[in-house]
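Participant: Before I ask anything, let me first share the structure, which is written out below as structure tokens.
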Amino acid sequence: MNPIIDRLAHLTRRTFLGDVSRGIGGLALGSLLQPDLLRAAQSEGGDGLPRLGLPHFAPKAKRVLCLFQSGGLSHVDLFDDKPMLHQHAGKELPPSVKGSQRLTGMTSGQTAYPVVPPLEPGKRCGKQGTWISDLLPGIQSIADELCIIKSMHTEAINHDPGITFMNTGNQLPGYASMGSWVSYGLGTENQNLPAFIAMVSQGTGKNPGQPVFSRLWGSGFLPSSHQGVGLRPGRSPVLFLENPPGVDREQRRALLDDLARLNQIRAEEMSDPETLTRIKAYEMAFRMQTSVPDLTDISGESAATLEAYGPEVRKPGSYASNCLLARRLLERDVRFVQLFHRGWDQHIAITRQLPNQCRDIDQPTAALVKDLRQRGLLDDTLVVFATEFGRTVFSQGQLGSPGMGRDHHGRSFTLWMAGGGIRPGMDYGATDDFCYNIVENPVHIRDLHATILHCLGIDHARFTHKFRGLNTRLTGVEEAHVVKGILS
């Protein structure tokens, strides 16, 4: 066949677009083959970053730690007590407060909606005197580090759209996750570990908790090299990382060199960016063969440090163990680290499940924040302690029964932030006397995303990627605002 005709036969839309970006692909391949030369060239340009012009301004944070409490943490029980809840305990939630809010099918058929105050007492903590439940004594001890946002809200009412919205900026699957956006914009400062790493742990509250899908750290429409890498518990944190029996490191290096040459030829023929991504993935896996064992070896940690994280720190896959690994990743300059902890969906047996769940996370979370502070990492690490929505102030099920719980509540909920770019020791926003509606400084999920990007030196409105003909953003097409009142 005539080679020109053969070429035209392969000229799909993807091929054409790939040809246009051939120069960029060549740069990407060059960065893999001679990364030192590329970094030197970038340094001459002044920023050393993969996306031209980023950051948009001087960042306060270099990296992000997201502690995601999957299932819907009860803001009423843990962070947002009000005197009216105790005065109105057991009485019907006033219709003027409840309004016309859409309820889930689990409580929409109830004939009564009695108010339930926090299950346990709490105390005023830190210089700002914020109320934190006695179920969280460790977090009480770090109150002066925290900015507690009590006016979060979301349109999502069920788990999958809720957790997808919080992690990708859209209730529908298929969009890029927060960590992937950050990796795409700022790249990595550690060539031996991925820019974005995620870990999942199972709580002792609701077991099993809501499922946590890998798409929550997926790259969506962004280049697949920016998707998060999930670390598994046990001796093989990353599947298929070890060499097969009979293959040593030198042989693997030679194999990858040959494979890179073949993939380079294919990339030049078809200009498929995913071929370049595959080369990059193989190279990262090769480097991770030495960096991951070093990461997961905690034998060098002091006895005091291990004791601070709690008794489960040596149990692979536990929340405590993941918190310690998160600190080790952050000090290795991994750009975005995310922990998912399942089990916060207390529809039933909340008096038993919620204390168990709090015990899972309280000591390790406090230890992690203190550890970051002690090591000088907190000032340029943004910590986000988040969940997909809150819980209702009224009971789900019969009031006072062992099976009583709380339903989903997206109209108002609480999360906290700490570290790089955030004012410490403050509350922001407020709910009404029943912790049901927001009365001061509402913060939407889009606003949270805009604020996270701002702390990293990124203007969310200018940070886009072309997808389906649109300049797509993490913050979507609707209005989003940086929450300036919480910035340091």
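The values are calculated or read from the model by the stated rules, or taken from the named source; none is laboratory data. Just so we're clear, the structure is a prediction, and the values are computed from it rather than from any experiment. Virtual Cβ from ideal backbone geometry, glycine too; neighbours counted across all protein chains shown.
Participant: Within segment 247-262, track down each residue that is of a type outside the set (A, V, I, L, M, F, W, C), at pLDDT 80 or above and in contact with a helix residue (DSSP H, G or I) (Cβ under 9 Å, 6 or more places away or on another chain).
Facilitator: Arg249, Arg253
Participant: Could you count how many residues in segment 129-163 are buried (at least 23 other Cβ atoms within 10 Å of the Cβ), of a type in the set (Gly, Ala, Ser) and either outside the structural domain of Gly425 (by TED's automatic domain parsing) or under 19 Å from Thr104 (Cα atoms) (or both)?
Facilitator: 1
Participant: If you don't mind, there's one more thing I want to ask. Please go through segment 225-234 and pick out each residue that is over 10 Å from Tyr184 (Cα atoms) and among the small types (Gly, Ala, Ser).
Facilitator: Across segment 225-234, the qualifying residues are Gly228, Gly230, Gly234.
Participant: Okay, moving on. Within segment 238-256, is even one residue among the small types (Gly, Ala, Ser) and under 30 Å from Ala366 (Cβ atoms)?
Facilitator: Of the residues in segment 238-256, the ones among the small types (Gly, Ala, Ser) are 246, 254.
Subset that is under 30 Å from Ala366 (Cβ atoms): none.
The answer is no; no qualifying residue exists.
Participant: Right, Ala450: crowded, with 20+ Cβ neighbours inside 10 Å, part of a strand (DSSP E or B) and in contact with a helix residue (DSSP H, G or I) (Cβ under 9 Å, 6 or more places away or on another chain) or not?
Facilitator: When the stated conditions are applied, Ala450 does not pass them.
Participant: Does Met404 meet the test of being touching a strand residue (DSSP E or B) at 6+ places or on another chain (Cβ under 9 Å), surrounded by fewer than 21 Cβ atoms within 10 Å (Cβ to Cβ) and among the hydrophobic types (A, V, I, L, M, F, W, C)?
Facilitator: In short, yes.
Participant: Could I ask something else about it? Any idea how many residues of segment 330-363 are in a helix (DSSP H, G or I), under 20 Å from the mean Cα position of the chain (by Cα) and closer than 21 Å to Pro208 by Cα?
Facilitator: Adding up the residues that qualify gives 5.
Participant: Among residues belonging to segment 264-313 that are assigned to a helix (DSSP H, G or I) and β-branched (Val, Ile, Thr), point out the one that is nearest to Ala254 (Cα to Cα).
Facilitator: Ile279
Participant: Here is a list of conditions, (1) part of a loop (DSSP other than H, G, I, E, B); (2) crowded, with 19+ Cβ neighbours inside 10 Å, and Met166 meets all of them except one; can you say which number that is?
Facilitator: Here Met166 meets the rest and fails (1).
Participant: Which of (1) polar (S, T, N, Q); (2) without any contact (Cβ under 8 Å) to a residue 24 or more places away in the chain; (3) touching a strand residue (DSSP E or B) at 6+ places or on another chain (Cβ under 8 Å) does Ser302 not meet, given it meets every other one?
Facilitator: The failed condition is (3).
Participant: Quick one: in segment 229-263, which of the residues that are polar (S, T, N, Q) and outside any loop (DSSP other than H, G, I, E, B) is surrounded by the most Cβ atoms within 10 Å (Cβ to Cβ)? Give the steps one after another, and end with the answer.
Facilitator: Just the residues of segment 229-263 that are polar (S, T, N, Q), to begin with: 236, 243, 251, 263.
Those still in the list that are outside any loop (DSSP other than H, G, I, E, B) too: 251, 263.
Values: Gln251: 12, Asn263: 19.
If we take residues in segment 229-263 being polar (S, T, N, Q) and outside any loop (DSSP other than H, G, I, E, B), then Asn263 is surrounded by the most Cβ atoms within 10 Å (Cβ to Cβ).
Participant: Please specify each residue of segment 192-228 satisfying the condition of being assigned to a loop (DSSP other than H, G, I, E, B) and under 18 Å from Leu329 (Cβ atoms).
Facilitator: Asn192, Leu193, Pro194, Ala195, Gln227, Gly228 - these are the residues of segment 192-228 that are assigned to a loop (DSSP other than H, G, I, E, B) and under 18 Å from Leu329 (Cβ atoms).
Participant: Can you name every residue in segment 241-260 that is in contact (Cβ under 8 Å) with a residue 40 or more places away in the chain and hydrophobic (A, V, I, L, M, F, W, C)?
Facilitator: Result: Leu241, Ala260.
Participant: Go over the candidates His481, His444, His460, His409 one by one and state the one that is closer than 21 Å to Gly169 by Cα, surrounded by fewer than 18 Cβ atoms within 10 Å (Cβ to Cβ) and in the same structural domain as Leu368 (by TED's automatic domain parsing).
Facilitator: Among His481, His444, His460, His409, only His481 is closer than 21 Å to Gly169 by Cα, surrounded by fewer than 18 Cβ atoms within 10 Å (Cβ to Cβ) and in the same structural domain as Leu368 (by TED's automatic domain parsing).
Residues are listed down the side, and each one gets a yes or a no for (1) more than 29 Å from Arg124 (Cβ to Cβ); (2) modelled with pLDDT of 95 or more; (3) outside any loop (DSSP other than H, G, I, E, B); (4) touching an Asp or Glu at 6+ places or on another chain (Cβ under 8 Å):
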residue	(1), (2), (3), (4)
Leu73	no, yes, no, no
Asp77	no, yes, yes, yes
Asp81	no, yes, no, no
Met84	no, yes, yes, yes
Gly90	no, yes, no, no
Val97	no, yes, yes, yes
Leu103	yes, no, no, yes
Thr111	yes, no, no, no
